[in-house]
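The values are calculated or read from the model by the stated rules, or taken from the named source; none is laboratory data. Given the structure is predicted, the values throughout are model-derived calculations rather than measurements. Because the Cβ atoms are built from the backbone with ideal geometry, glycine has one as well, and the counts that use them run over all protein chains shown.
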């Protein structure tokens, strides 16, 4: 593989590793918000912001960790035939299926950018009684999809190299 591709793959892997490890700890923030919500509902008037804050943290956790999960090959996979194939055949099928994922993520990124622009331009808020601004979570969602798209491209190059009998 060309040097530029190797550098790209290493850079994307490093970026997703750092962001993914940061995102792992957001589960504790979400648990703290939910614990506060439970306690406040028991002893006082419940806070309006807790449910949506927990949802926003979960979305952040899920989307920012997606690229790292892909890097670790930790996504769920149907394995009826795959495990019986030769490594080269597995790499070819992985490259083919990640191509579909790249197409899907590119469309998702396009929609995310459009939705984020709308939220920023019109000051979109949630329809809940708390009514937080939607732009921050939409920005995070768009960044998460972009990181996963970059990781999918890096994975495509890794699979292509494995199909050629090389190591990236």
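Quick notes on this one:
- All of (1) in a helix (DSSP H, G or I); (2) loosely packed, with under 12 Cβ neighbours inside 10 Å hold for residue 45 with one exception: (1).
- Test: residue in region 6-29 that is outside any helix (DSSP H, G or I) and in contact with a helix residue (DSSP H, G or I) (Cβ under 7 Å, 6 or more places away or on another chain): no
- Filter result for the condition that a residue is at pLDDT 95 or above, surrounded by 13 or more Cβ atoms within 10 Å (Cβ to Cβ) and over 30 Å from residue 36 (Cβ atoms), over 101, 64: 101
- Yes/no for residue 120 being in a helix (DSSP H, G or I), under 30 Å from residue 47 (Cβ atoms), more than 13 Å from the chain's Cα centre (by Cα) and free of Cβ contacts under 8 Å to residues at least 40 places away in the same chain: yes
- Candidates 38, 131: the one that is free of Cβ contacts under 8 Å to residues at least 60 places away in the same chain and touching a strand residue (DSSP E or B) at 6+ places or on another chain (Cβ under 9 Å) is 131.
- Scanning region 23-42 for residues that are crowded, with 18+ Cβ neighbours inside 10 Å and under 17 Å from residue 128 (Cβ atoms) yields a total of 1.
- Residues in region 66-93 that are under 16 Å from residue 148 (Cβ atoms) and assigned to a helix (DSSP H, G or I) were compared, and the one that is nearest to the chain's Cα centre (by Cα) is 66.
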